[in-house]
Structures are given as C-alpha cells and as structure tokens.
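K.L.:
My structure is below; once you've seen it, I'll send some questions.
The values are calculated or read from the model by the stated rules, or taken from the named source; none is laboratory data. Values in this document were obtained by computation on a predicted structure and should not be read as measured data. All Cβ positions, glycine included, derive from the backbone under ideal geometry; neighbour counts span all protein chains shown.
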Amino acid sequence: MGGVLAGFRKNRTKIWVGAVTLLLVFYLVVSFQRSVLLLTDSNPAAVAIGAAYLVLPVIGAWALVRELMFGARTEQMAKVLEAEGGLPVDELPRTPAGRIIRSAADAEFEKYRAEAEAAPDDWRSWFRLSCAYDAAGDRKRARASMRDAVKLFRGSVPA
C-alpha cells in the first residue's frame, strides 16, 4: 500500500491532468453529440444553433491538444536539463506560509535575464528565465518564455 501512495504522490500532477482531460473529452463528446442532434432537426433555428454549437468541441479539442503538447515538451526539456545538471536550483527564501519572497526572486531574476540576453538562441536559458519569471510571480511572461524555449528546443532536437 505504501508503494501505491508513493506512486500517487510522485505522479499527482499527471493523475490530475489525466482526470481533467478525461472530463474535458467527455464534455467534448457530449457537445458534439448534441450539436449533431440539433443539426438533424427540421427547425432552421435549431440547425443554426447546432452549427454554432459544433464549433465548441473543435476549439476545445484544439486547446486540449495544444496544452498537453506544451506540457509534454516542457517536461521533456526539464528532463534534459536535469540530466545535464542545468536546472535552476530553488534556494530562494520563503515566508512561513511557503511563498517565495518577491524581492529575492526579483534579484535572482536578473541573473537569468542576463543569461537569456547573452544566449538568445539557447533554449536552456529561456527555460531558466521562464522559471525565474514564475518565481517572481509573472505567470504571463513565464509562459511566453517557456513557449520561446519550446520553439528553440524543437528546432534543435531531431523529431
């Protein structure tokens, strides 16, 4: 039983992603089925609503695949960096509640920003910059930097 609990703790994020993905896929299937029912109705208003409703599963499926691919590539890059010993070390001071102290994160951020400016074609520097943005609380820029890292990574690794 202890092995199962340890496995759950280790893969908790993947389990939740899988559960949410399954729920979203169920929603998309039901949405698609309902849109087909509306499209087969003789009422022109129902057909129009069915056509509009058909767009939701398509957009949802596209967003789901895009996010899953982003997560998989991010995990792949993290594994490469870990094997190389290049992952940023999280030694930032924290509040008693466990939150990173913002001023310390901002000071650490400058190091990673300079590294990314010095090596703009290296996905590793953009990955580390993304981690620094995240630690500083800037999620939007963290995600943009990680997208840049993914683009560079995809260009440097054979498919």
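K.L.:
Just give me the residues in the range 10-21 being loosely packed, with under 12 Cβ neighbours inside 10 Å and more than 14 Å from Glu67 (Cβ to Cβ), in sequence order.
P.N.:
Correct list: Lys10, Arg12, Ala19.
K.L.:
Looking at Ser125, Ser145, Ser156 in this structure, which one is of a type in the set (Gly, Ala, Ser) and at pLDDT below 90? Working first, answer last.
P.N.:
Working: Ser125 fails: at pLDDT below 90; Ser145 fails: at pLDDT below 90.
Ser156 is the lone residue from the list that is of a type in the set (Gly, Ala, Ser) and at pLDDT below 90.
K.L.:
Sticking with this structure for a sec: Condition test on Ser125, is it touching a Lys or Arg at 6+ places or on another chain (Cβ under 8 Å) and assigned to a helix (DSSP H, G or I)? Give the steps one after another, and end with the answer.
P.N.:
Values: touching a Lys or Arg at 6+ places or on another chain (Cβ under 8 Å): no; assigned to a helix (DSSP H, G or I): yes.
Against the criterion (touching a Lys or Arg at 6+ places or on another chain (Cβ under 8 Å) and assigned to a helix (DSSP H, G or I)), Ser125 does not qualify.
K.L.:
If you don't mind, there's one more thing I want to ask. Kindly indicate whether Leu64 is assigned by TED's automatic domain parsing to the domain that holds Tyr27, in contact (Cβ under 8 Å) with a residue 40 or more places away in the chain and closer than 24 Å to Val17 by Cβ. Working first, answer last.
P.N.:
Values: assigned by TED's automatic domain parsing to the domain that holds Tyr27: yes; in contact (Cβ under 8 Å) with a residue 40 or more places away in the chain: yes; closer than 24 Å to Val17 by Cβ: yes.
Yes: the conditions hold for Leu64.
K.L.:
Any idea which of Val80, Val89, Val150 is surrounded by fewer than 17 Cβ atoms within 10 Å (Cβ to Cβ), assigned to a helix (DSSP H, G or I) and either among the β-branched types (Val, Ile, Thr) or in contact with a Gly (Cβ under 8 Å, 6 or more places away or on another chain) (or both)?
P.N.:
Working: Val89 fails: assigned to a helix (DSSP H, G or I); Val150 fails: surrounded by fewer than 17 Cβ atoms within 10 Å (Cβ to Cβ).
When all the criteria are applied, what remains is Val80.
K.L.:
Being surrounded by fewer than 16 Cβ atoms within 10 Å (Cβ to Cβ) and within 30 Å of Ser156 (Cβ to Cβ) narrows it down to one of Arg66, Arg73, so name that one. Reasoning before the result, please.
P.N.:
Values: Arg73 fails: surrounded by fewer than 16 Cβ atoms within 10 Å (Cβ to Cβ).
Just one listed residue meets the conditions, Arg66.
K.L.:
Mind telling me which of the residues Ala132, Ala52, Ala116 ends up being part of a helix (DSSP H, G or I), in the same structural domain as Val29 (by TED's automatic domain parsing) and of a type in the set (Gly, Ala, Ser)?
P.N.:
Ala52 is the lone residue from the list that is part of a helix (DSSP H, G or I), in the same structural domain as Val29 (by TED's automatic domain parsing) and of a type in the set (Gly, Ala, Ser).
K.L.:
A follow-up question, please. Looking at (1) over 30 Å from Arg147 (Cβ atoms); (2) exposed (fewer than 14 other Cβ atoms within 10 Å of the Cβ); (3) of a type in the set (Ser, Thr, Tyr), which is the only condition Ser35 fails?
P.N.:
All conditions pass for Ser35, except number (2).
K.L.:
If you go through the range 79-99 one residue at a time, do you hit one that is modelled with pLDDT of 90 or more and either assigned by TED's automatic domain parsing to the domain that holds Arg34 or in contact with a helix residue (DSSP H, G or I) (Cβ under 7 Å, 6 or more places away or on another chain) (or both)?
P.N.:
yes
K.L.:
Would you check if there is a residue in the range 113-134 being under 25 Å from Thr13 (Cβ atoms), surrounded by fewer than 17 Cβ atoms within 10 Å (Cβ to Cβ) and in contact with a helix residue (DSSP H, G or I) (Cβ under 7 Å, 6 or more places away or on another chain)?
P.N.:
No: the range 113-134 contains no residue that is under 25 Å from Thr13 (Cβ atoms), surrounded by fewer than 17 Cβ atoms within 10 Å (Cβ to Cβ) and in contact with a helix residue (DSSP H, G or I) (Cβ under 7 Å, 6 or more places away or on another chain).
K.L.:
Would you mention how many residues in the range 135-147 are assigned to a helix (DSSP H, G or I) and buried (at least 17 other Cβ atoms within 10 Å of the Cβ)? If you could, list the steps in order and put the result at the bottom.
P.N.:
Step one: list which residues in the range 135-147 are assigned to a helix (DSSP H, G or I), which gives 135, 139-147.
Subset that is buried (at least 17 other Cβ atoms within 10 Å of the Cβ): 135, 142, 145-146.
Counting residues in the range 135-147 that are assigned to a helix (DSSP H, G or I) and buried (at least 17 other Cβ atoms within 10 Å of the Cβ) gives 4.
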